[in-house]
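Everything below concerns the one structure shown next.
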Amino acid sequence: MRISLDKSQIDIIEKIQNSHDDFAILGRAGTGKTTLLNALKDKLISDGFKVLCCASTGKAAVEIGGVTAHSLFGLKLSVADPFFVPSPFDDNIIKKADVILFDEISMCRIDAFTSIMNFLATLNPNIFEEHRPQMIFCGDFGQLPPVINNTDAPVLYKFYQGKKYAFQSHWWKTIKEVSPCQR
């Protein structure tokens, strides 16, 4: 099935492909974010890139042909402190990837996002060089928030001063471009 994209979506794909910066594709519900992500995935694979896909939830992971972020990065189910570096079950698969597509970033808690970025920073001391996968995040922070249970809430508050979203992490500043998806 051929995916039909508008000019803004095509421009976003070109911008991502011509850079090694990490990107966040953000937009409200129904703006074509997942369609764009799937088209980007198809284009990258057809151009010979090694692409991994993950998402905050199992359902979203299935939609993009991936796994959960917890599974891919070996994240803990409990709260991770700001210095935690996960140990993926198979970090070689991540090291060999050119691009990692991450859908439903809005549901990723700050501790999980920080842990993922901490891990990626260990792949190369200079995270801005091309020796680690490019991260492409996709989502809508105005939709579903991260799930925080009563046990995790006080620990998250202690480590992250009440912050809960990925965009509140200090690592979010390393995402050079935020490209709204508009239809």
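For the reader, a short list of remarks on this structure follows.
- Between S78 and E63, the modelled labels are 3.2 nm apart [label points 7 Å from Cα along Cα→Cβ].
- Karplus-derived 3J(HN,Hα) values for the stretch 88-104, using 6.51 cos²θ - 1.76 cosθ + 1.60 with θ = phi - 60°, are x, 4, 9, 6, 5, 4, 6, 4, 8, 6, 8, 9, 10, 9, 10, 9, 6 Hz; glycine and proline are entered as x.
- The loop-placed chymotrypsin sites (Phe, Trp or Tyr not before Pro) in the stretch 82-173, going by DSSP, that have at most 12 neighbouring Cβ atoms within 10 Å of their Cβ come out as F83, F89, F128.
- Each principal axis of the Cα cloud of the stretch 22-180 was evaluated for its coordinate range; sorted largest first, these ranges are 46, 37, 26 Å.
- Contact order relative to length of the chain, as percent, for alpha carbon pairs under 8 angstrom and 6 or more apart: 32
- Share antiparallel - DSSP beta bridges, the stretch 22-180, percent rounded to 5: 5
- Calculated [222 nm] ellipticity per residue, helices only, for the chain: -10000 deg cm²/dmol; basis is -39500 (n - 2.57) per DSSP H run with n ≥ 4, divided by all residues, nearest 500.
- Restricting the trypsin sites (Lys or Arg not before Pro) of the stretch 1-87 to loop positions (DSSP other than H, G, I, E, B) with no more than 16 neighbouring Cβ atoms within 10 Å leaves R2, R28, K50, K76.
- Degrees separating the helix 33-46 axis from the principal Cα axis of the chain, which is the longest one: 70
- The stretch 1-116 - Rg (one decimal) and Dmax (whole number), Cα, Å: 14.6, 43
- Between A153 and D90, the C-beta separation translates, for a Förster distance of 22 Å, into a calculated FRET efficiency of about 0.10.
Here, each number is a calculation from the coordinates, and none is a lab measurement. Computed from a predicted model, the values in this text were never measured in an experiment. Cβ sites come from the backbone with ideal geometry, for glycine too, and all protein chains shown count toward neighbours.
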